[in-house]
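*Asks:* Here it is, the structure, as structure tokens.
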Amino acid sequence: MRYARELTYLAIASTVLTWTLSCSGTEQAQKEETRIAVKAEIVQRSDQELVREYTGSLEGQKQAVLRAKISEAVGSVQVREGQTVRADQILLELNREGASSQYHRTLSLFRNAEKNVGKMEYLFKEGAVSESDYDAARTDFEVARANLDAVTRLVEIHSPIAGTVTSLDVEEGDFVQIGQNLVTVATTDRLRVKFGVNADEIAYFSVGGAVRINSDAVTEEGNGKVAAIASSADPLTRTFQVEAILENTDGLFSPGMFVRVRHIKQQLQDVIAVPRRSVLTLDEQPTVFTVVNGEAQKHTVALGVDLGGQVIVESGLEAGDTLVVLGQDYLDTGTRVNITALNGIVK
């Protein structure tokens, strides 16, 4: 009986040991088959552009901002925003009846001077008055006419240029103060944008150089050229003002638009550019991972200029390497990996 029990115990122990070894082997096999899922891309050489971006607002190359020269109510508005106007067209009128304009008083003085000069001319021809008296009346008339013209220009707001009404800042009945903006007229076939450039980048600009102009309000990109570069920096901003001209014959852009000006600082030929997110900092060194025969390999790299979403790798990678671009945070040299997407194509 005792022997039978020992055989039974031995059989049970053998079974447990066999099961334990079997499970251990399965876990080991599973561990060996465990792979980290990553996304990767094949490293290639390419030509790149080092672009810097600036911001500004568009203006007409010719632009007139008309401001009130007297404090008075707006009598009438004769244009609307977006309307094309000719040179010297009346855009709006201020109240002629207001005390500030002095219009009716000046008109009355002009009419009296006009009547008087007419009478003096007749009397002079008849020999009833001297030439000096006639000259004095004619001078009074000329002065009165000039005064009326000046006062009229205060209440009648004329456009000094042919163009488009890009901003209308008042409505009929508004009371405006001296210096207040009333209306802006600008040419729209050619627009300009001014922007500030730091001292360490101004040397890359030249008159006639190309820039690209973008706006959230326009789906297409505009092409412009640098028209002027300040010779000294603004004492407040410490930047150099650059002016660029945008050809806008298709009318896509409008004065007042906020735009981004993209300038190609440098053309880079035959370089390796990788996604900035693929580069880690390990032991204070820029590091990337590649995949070789299904295993991760760690590389310390030397970085060049930052292109925004990409960065130039000057050494440490070669064209044709399989670079891990997502999932590298979980890798070390020798880690088994499974590439789930290569160059954006899901496998």
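The values are calculated or read from the model by the stated rules, or taken from the named source; none is laboratory data. Keep in mind it's a predicted model, so treat the numbers as computed, not measured. For neighbour counting, all protein chains shown are included, and Cβ atoms are generated from backbone atoms with ideal geometry for every residue, glycine included.
*Asks:* Given (1) buried (at least 18 other Cβ atoms within 10 Å of the Cβ); (2) at pLDDT 95 or above; (3) not charged (D, E, K, R), where does Ile245 come up short, assuming only one miss?
*Replies:* (1)
*Asks:* Can you tell me how many residues within region 216-248 are in a strand (DSSP E or B) and touching a Leu at 6+ places or on another chain (Cβ under 7 Å)? Lay out the reasoning, then the answer.
*Replies:* Start the filter on region 216-248 by keeping residues that are in a strand (DSSP E or B), which leaves 218-229, 240-247.
If we keep only those that are touching a Leu at 6+ places or on another chain (Cβ under 7 Å) too, we end up with 218, 220, 222, 224, 246.
Number satisfying all stated conditions: 5.
*Asks:* So which of Asp140, Asp133, Asp149 ends up being loosely packed, with under 13 Cβ neighbours inside 10 Å and either of a type in the set (S, T, N, Q) or part of a helix (DSSP H, G or I) (or both)? So that I can check it myself, show each step before the final result.
*Replies:* Numbers: Asp140 fails: loosely packed, with under 13 Cβ neighbours inside 10 Å; Asp133 fails: loosely packed, with under 13 Cβ neighbours inside 10 Å.
After ruling out the rest, the residue left standing is Asp149.
*Asks:* Kindly evaluate Ile312 against the criterion of being surrounded by 15 or more Cβ atoms within 10 Å (Cβ to Cβ) and assigned by TED's automatic domain parsing to the domain that holds Ala228. Let's see the steps before the verdict.
*Replies:* Details: surrounded by 15 or more Cβ atoms within 10 Å (Cβ to Cβ): yes; assigned by TED's automatic domain parsing to the domain that holds Ala228: no.
Taking the combined requirement at face value, the residue does not satisfy it.
*Asks:* So which residues in region 187-208 are in a loop (DSSP other than H, G, I, E, B) and surrounded by fewer than 16 Cβ atoms within 10 Å (Cβ to Cβ), if there are any at all?
*Replies:* As a first pass, look at region 187-208 and keep what is in a loop (DSSP other than H, G, I, E, B): 187-189, 198-201, 205-208.
Selection gives Asp189, Asn198, Ala199, Asp200, Glu201, Ser206, Val207, Gly208.
*Asks:* A further question follows. Please work out which one of (1) touching a strand residue (DSSP E or B) at 6+ places or on another chain (Cβ under 8 Å); (2) under 20 Å from Arg45 (Cα atoms); (3) of a type in the set (A, V, I, L, M) is the condition Ile345 fails and give its number.
*Replies:* Result: Ile345 fails condition (1) only.
*Asks:* Separate question: Taking the condition among the β-branched types (Val, Ile, Thr) and farther than 29 Å from Gln89 by Cα, does Val176 pass? Break it down into steps so the answer makes sense when it comes.
*Replies:* On the way: among the β-branched types (Val, Ile, Thr): yes; farther than 29 Å from Gln89 by Cα: no.
Against the criterion (among the β-branched types (Val, Ile, Thr) and farther than 29 Å from Gln89 by Cα), Val176 does not qualify.
*Asks:* Just give me the residues in region 81-95 being under 12 Å from Ala162 (Cβ atoms) and of a type in the set (D, E, K, R), in sequence order.
*Replies:* Arg86, Asp88 - these are the residues of region 81-95 that are under 12 Å from Ala162 (Cβ atoms) and of a type in the set (D, E, K, R).
*Asks:* Hey, can you tell me all the residues within region 101-123 that are surrounded by fewer than 17 Cβ atoms within 10 Å (Cβ to Cβ) and of a type in the set (Gly, Ala, Ser)?
*Replies:* Ser108, Gly118 - these are the residues of region 101-123 that are surrounded by fewer than 17 Cβ atoms within 10 Å (Cβ to Cβ) and of a type in the set (Gly, Ala, Ser).
*Asks:* Cβ contacts < 8 Å: first residue more than 30 Å from Leu91 (Cα to Cα), restricted to region 133-160; second residue of a type in the set (Phe, Trp, Tyr), any location; separation 6+ or different chain. Result?
*Replies:* Going by the 8 Å Cβ cut-off, the qualifying pairs are Asp133/Phe124; Tyr134/Phe124.
*Asks:* Residues of region 307-331 being acidic (Asp, Glu) and closer than 16 Å to Arg45 by Cα, which ones?
*Replies:* Looking only at region 307-331, we keep the residues that are acidic (Asp, Glu), and these are 314, 318, 321, 329.
Passing the criteria: Glu314, Glu318, Asp321.
*Asks:* Another question, then. Residue check, Val271 against (1) in a loop (DSSP other than H, G, I, E, B); (2) surrounded by 13 or more Cβ atoms within 10 Å (Cβ to Cβ), all met but one. Which one?
*Replies:* The number of the failed condition is (1).
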